[in-house]
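Since the structure comes first, as structure tokens, the remarks are kept for the end.
The values are calculated or read from the model by the stated rules, or taken from the named source; none is laboratory data. Predicted model only: the values in this text are computed from it and were never measured. Note that we place each Cβ from the backbone using ideal geometry, even for glycine, and neighbour counts take in every protein chain shown. For accessibility, only protein heavy atoms count, side chains too; no ligands or nucleic acids. Shrake-Rupley method; radii C 1.70, N 1.55, O 1.52, S 1.80 Å.
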Amino acid sequence: MYTAIGYAAQTPTSPLAPMTFQRRSPRPDDVAIDILYCGVCHSDIHQARNEWGIAVYPLMPGHEIIGRVTAVGDKVTAHKVGDLVGVGCMVDSCRTCEACAKDLEQYCLEGPTMTYATPDRVDGSNTMGGYSSSIVVSEHFVVRIPAGMDLPSAAPILCAGITTYSPLKHHGVGPGHKIGILGMGGLGHMGIKLAKALGAEVTLFTRSQAKAEEARRQGADHVIVSTDAEQMRAAAGRFDFLLDTIPVQHDLNPYLETLKFDGVHILVGLIEPIDPALHAANLVMKRRVLAGSLIGGIAETQEVLDFCAEHDIRCDIEMLDIRNINQAYERMIAGDVKYRFVIDMATLQG
């Protein structure tokens, strides 16, 4: 074992603060990584403040990790010392169930081991995330960073990117399709870029007309202001798909009405319970589908990184000194970031 440093919450109400802790020595299939950058996801706030009721303390967030390999176990073949690599939302799974066999580790039937606040499958210790100087991860859950990628802006692809890419690929979104992206935060702006690169005609649904110019800069072909009843009526039956990135409860019914028959509304936010209630007629009368999607498997995470490198897709980021992480959380809650904070881990030594 060796000593690492990072920022963690000790209780649901305490601010994140520096702490030292022990990382394991690499197991035979492990990769040890010095962390260079780590994106800040809204789920980090939910977990640090125990808003989902599953937090384990001390809790060190961070699951959008870019770093450099410093050591490998003697059974590692995919990575070598000096490689630039990434670690996303998971660091292990059972690897044998039906979902894992299909490279869908996020749906592991025994439950995936998340990058933080989850018991390690071998020693039972609490996993500690990427707001830290280093991490040790099984090579299966480490992805390669394509040559030439901008490293800080690549970090959020490991969550915001794969969370939007996976459902687009699963449902076959591509040329000839019309897709609506609901919301334009960290996930929504990546959804616009990815759907456009896949060849779809992209429309942003937003509550604010002020976002129209920005949406077009991100690649949207059209903008619909969802608070404008006339615009929503004019959109009835227009879309093949809706990718819903709105992270809070909202009325799904007006959006469902904009889908064609056999249209699919995909949720990627944890907004349960759905409120107001869903009108079954909005599904039944047009054979529409309400679907969900959770991040993506490791193979697909590598795929989205390669896709973004090929198409020069970057997450829009603001660099962050880790000493300002608590202020960054408040800004995120207020919607004051476009569109992802990324911690420069060099500031951890400052």
Solvent-free Debye scattering, log10 I(q)/I(0), computed from the Cα coordinates of region 23-131 at q = 0.22 Å⁻¹: -1.36
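State the extension gain, in nm to one decimal, for the chain segment bounded by E110 and A299, taking 0.36 nm per residue of separation less the distance between their alpha-carbons.
Contour length minus the Cα-Cα distance gives 66.1 nm.
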Filter on K169/K193; K75/K102; K178/K260; K80/K102; K193/K260 - keep pairs with C-alpha separation over 19 Å: K75/K102; K80/K102; K193/K260
Contour minus Cα-Cα distance for I274 and R216 (0.36 nm per residue): 17.9 nm
Reach of K196 by Cα under 19 Å, taken over aspartates and glutamates that are not fewer than 8 positions away in the same chain: E213, E214, D221, D240, D244, E300, E303, D306, E310, D312, D316
Euclidean distance between Cα centres, region 273-333 to region 71-107, Å: 22
Net charge over other residues, Cβ less than 15 angstrom from the Cβ of C108 (K, R count +1; D, E count -1): -4
In nm, spacing of pseudo-spin labels at Y2 and A334 (7 Å Cα→C-beta vector): 4.0
Compactness relative to 2.2 N^0.38 Å, alpha carbon Rg of the chain: 0.99
q = 0.12, 0.14, 0.20, 0.23 Å⁻¹: log10 I(q)/I(0) that the Debye formula gives for region 161-292, counting C-alpha atoms only: -0.39, -0.54, -1.19, -1.62
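Per residue, how much accessible area does region 161-292 have with a 1.4 Å probe, in Å²?
It amounts to 44 Å² per residue over region 161-292.
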Charge context of Y37, other residues only, Cβ under 14 angstrom, K/R +1, D/E -1: -3
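Find the relative contact order for region 120-205 and round it to a whole percent, using C-alpha pairs within less than 8 Å whose residues are 6+ positions apart.
For region 120-205, the relative contact order is 25 percent.
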Extension gain (nm, one decimal) between A101 and H170, 0.36 nm per residue minus Cα-Cα: 23.2 nm
Percent carbon-and-sulfur accessible area, the chain, ignoring ligands, DNA and RNA, probe 1.4 Å: 53
Relative contact order %, region 161-292, counting alpha carbon pairs below 8 Å whose residues are six or more apart: 21
Net charge of neighbours whose Cβ lies under 15 Å from the Cβ of T163, counting Lys and Arg as +1 and Asp and Glu as -1: -3
For the chain: relative contact order, % (alpha-carbon pairs under 8 angstrom, 6 or more apart): 17
Separation of alpha-carbon centers, region 177-221 and region 3-59, rounded to whole Å: 32
